[in-house]
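So the structure is just underneath, and the comments pick up after that.
The values are calculated or read from the model by the stated rules, or taken from the named source; none is laboratory data. Nothing here was measured: the structure is a model prediction, and the numbers come from that model. Methodologically, a virtual Cβ is constructed for each residue, glycine included, from the backbone with ideal geometry; neighbour enumeration extends over all protein chains shown.
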Amino acid sequence: MKHSRLTALIFIALILGVVVGHFAPEIAVKMRPFAVIFLRMVKMIIAPLLFATLVVGIAGHSDIKGLGKVGIKTIVYFEIVTTLALIIGLTMANLFKPGMGFVTSSFSANPQLMREAGLMAASHTSVCEMIMNVFPTSIVEAMSNGNLLQIVVFSIFFAIAMCAVGKTAKPVMDILNSVSQIMFKFTEYVMYFAPLGIFGAIAATVGSNGLSILKNYAKVIFSLYTALAVFVLVVLFIACKYARISFRNLIKAIQEPAVLAFTTASSEAAFPKAIQIMEKFGVPKNIVGFVMPTGYTFNLDGSTLYLAMAVIFSSQIVGINLDINQQLIMMLALMLTSKGIAGVPRVSLIVLAGTLASFDIPLLGVAILLGIDQILDMGRTTVNLIGNCVATVVIARWENAFDYSKMKSFMEDAEKDKLDWDFSGIKNIYEKVTNRGLE
């Protein structure tokens, strides 16, 4: 299936999902299994694809010491970008004041929502536990749970051991090379089911909540999406400028995984396709294999920005005014607590609940945000994906390893596919019209 055709089908599925969800909500909520099945199909790809790609990328790297330099540069970049995301989130929250005047009586009277918020606060992971959880006790368990960072740690040690063994490891290297290619083809097949999965996800979400929920939360949704847009158009645009990469071309290249991330509100749904595209776009395999999965733990730009806004929102609705010093302390806390727990359901709300509890702020804001978490998650997950794709390009450029000729070839092929599909579509319409005229 051509890249442009699949993207068009995903958009059609998105629109149909909204229509069915709005006009036939009882039927729409029954469409959720399609989304669940699609996400499960994606999840079964991630572990073998990540392991094979990362081990081949590292073990095939001629300079292992150079990989350590890549790791340091990656962490430095992540810290700079996530700090800017926090600053933008705090600035926009103070500018728009989404919590001011919010009606809270119905939420505070709902014991179920408050109980769920309390459970989230209790499940918050401390920094010490986060560091310990980086190291797996079993690679099988890590793969089963979809813990990307644990898989990365195991893969790095495995690849280094292969380099130390030398020629003896060549048969394993050949096998993993084959596994990597097979999993990319596997990903291509699974993506055929993306429109159906997205239709189910959107239809069920709109069918369960209705479009009317957007009116009650309009200010919160508008504030977050505006902040995310500012972050993408300022921070990520400048990062691409540094890397001498057209931001527009990059967005065009990753439009398919970005739409997947947005419509499913799942980073995992877009992860395999994003890795494949970034390699074709000109980023070396070893950098893609290291930066992308690490970024899903340490470079959650959208989620970090959302957390900054959500903390201010939660304090505003209960009448607590945080001064600049308190907000800076909160920001420093979020720089640590927002790391290392990717893959946990409702991860941002869990971190938010834990942070609010640490600063003795009531958890009412968490209960309120639960109602629209799916809608907010769509935006922040998409920005997480775009941010990690930009990170791979920046690190590759920083290492003078980005292949500009490969990027040019990829964009030309993508444009040719689009033109071919557009021409065939026009030709089909013309034939239908002329045939009808003959009849």
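Points worth noting:
- Flag for residue 53 being at pLDDT below 85 and part of a helix (DSSP H, G or I): yes
- Selection status of residue 324, surrounded by fewer than 21 Cβ atoms within 10 Å (Cβ to Cβ) and β-branched (Val, Ile, Thr): yes
- Residue check, residue 192 surrounded by fewer than 19 Cβ atoms within 10 Å (Cβ to Cβ), touching a residue at least 60 places away in the same chain (Cβ under 8 Å) and either under 30 Å from residue 317 (Cβ atoms) or in the same structural domain as residue 77 (by TED's automatic domain parsing) (or both): no
- Residue within the stretch 262-269 that is hydrophobic (A, V, I, L, M, F, W, C) and at pLDDT 85 or above present: yes
- Any hit, the stretch 359-382, residues being crowded, with 17+ Cβ neighbours inside 10 Å, under 16 Å from residue 249 (Cα atoms) and in contact (Cβ under 8 Å) with a residue 60 or more places away in the chain: no
- If you go through the stretch 223-246 and pick out every residue that is under 28 Å from residue 188 (Cβ atoms) and in contact (Cβ under 8 Å) with a residue 12 or more places away in the chain, you end up with 5.
- Boolean, residue 175 is at pLDDT below 85 and either part of a helix (DSSP H, G or I) or of a type in the set (S, T, N, Q) (or both): no
- Where helices (runs of 4 or more DSSP H) sit wholly within the stretch 184-291, those with at least 1 residues that are more than 30 Å from residue 58 (Cβ to Cβ) occupy 194-209, 213-216, 218-230, 237-242, 247-253, 255-264.
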